[in-house]
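Take a look at the structure below.
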Amino acid sequence: PVRRVYCVGRNYAAHAAEMGSEVDREAPFYFTKSARAVLESGGVLPYPPGTRDLHHEIELVVAIGAPAFRVPVAQAMAAVWGYGSGLDMTRRDLQAQAKAKQRPWDLGKDFEGSAVLSALTPAEGFTPQAQRIRLEVNGTPRQDARIDEMVWSVPALIADLSQYYHLVPGDLIMTGTPAGVGAVGPGDRLSGGVEGLAPVELTLGPAA
Ligand code: MN
């Protein structure tokens with residue numbers, strides 16, 4: 001079962017730029033989603049409440065499979081159970097309001113169905129290198145990058161997070177999105193993922 005969902009902010013320079021920010025190259029930063037936010041790939045997400053600007057963010061997901069606390073980068077990959085494709089769905093208008101008021105991002109990021117996850121591929125079958133990461137909406141390309149564009153690599157993220165948390169099996173890390181995020185609405189069909197991993201699919205339903 002999913003225990004915690006950690007999400008990385010601004011991990012691709014081109015996405016940070018499109019959001020009007022710069023990458024912090026001194027340290028990554030994080031926000032979280034509750035385990036109740038997880039929705040399996042192939043599901044329908046009712047258009048969520050309180051927003052008029054729901055965005056897609058396609059991401060590489062890392063599943064932790066062994067305890068990790070204060071691990072060095074060189075040992076961090078031993079904590080990985082596997083990988084998946086995920087969508088960090090975002091109420092961008094609420095996130096923007098929170099940023100403007102210097103408030104937490106929870107309302108923008110942590111809501112039911114906001115963490116859409118594919119099936120996981122065990123680490124023996126996938127090594128993060130320069131695989132493509134893509135997202136299409138109704139068959140039209142929206143996001144297309146390579147995961148080696150990440151500012152903070154998978155082992156760097158695990159090593160850093162483990163300075164602050166005792167990572168354990170069931171914890172997931174959504175590693176940030178490349179450029180090309182944008183709005184989606186009821187009836188849209190999202191399909192994407194990381195080359196070599198199971199795809200993530202999502203259909204948006206009418207507001208619940
Ligand atoms: Mn994200």
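Observations
- Selection among L190, P67, T177 by position relative to the dipole of the chain gives P67 as farthest towards the positive end (Cβ unit charges, Cα centre).
- Share of alpha-carbon pairs per 5 Å distance bin for the chain, given as whole %: 1, 8, 17, 22, 22, 17, 9, 4, 1, 0
- Considering only the chain, percent of DSSP beta bridges that pair antiparallel, nearest 5: 80 percent
- Top of G192, G20, G65 by mean-square fluctuation, Gaussian network on the chain, Cα under 10 Å: G20
- Note on the chain: GNM, Cα springs under 10 Å; of A68, A183, A27, the largest mean-square fluctuation is that of A27.
- Relative contact order (%) - criterion: Cα under 8 Å, at least six apart; region: segment 1-118: 29 percent
- Listed residues T140, T127, T51, most fluctuating in the chain (Gaussian network, C-alpha, under 10 Å): T140
- Among M77, A13, M89 - extreme Cα towards positive end, dipole of the chain, charges at beta-carbon: M89
- Along its principal axes, segment 52-136 has C-alpha extents of 41, 34, 24 angstrom, given from the largest down.
- Shape of segment 1-122, Cα gyration tensor, a/c cut at 1.5: oblate
- Share of alpha-carbon pairs per 5 Å distance bin for segment 85-208, given as whole %: 2, 9, 16, 21, 22, 17, 9, 4, 0
- In percent, rounded to a whole number, the relative contact order of segment 71-126 is 48, using alpha-carbon pairs under 8 Å and six or more apart.
- In this Cβ point-charge picture (+1 for Lys and Arg, -1 for Asp and Glu), segment 43-95 has a dipole of about 140 debye about its Cα centre.
- The chain, relative contact order [Cα under 8 Å, separation at least 6], %: 35 percent
- Three-way shape label, segment 1-57, alpha-carbon gyration tensor, a/c 1.5: oblate
- Multiplying the residue separation of D53 and A66 by 0.36 nm and removing their Cα-Cα distance gives an extension gain of 0.9 nm.
- Each Lys and Arg Cβ is given +1 and each Asp and Glu Cβ -1; about its Cα centre, the chain then shows a dipole of about 440 debye.
Since every read-out is calculated from the coordinates, none of them should be taken as a lab result. Model, not experiment: these values are computed from the prediction. Note: ideal-geometry Cβ built from the backbone for every residue, glycine included; neighbour counts use all protein chains shown.
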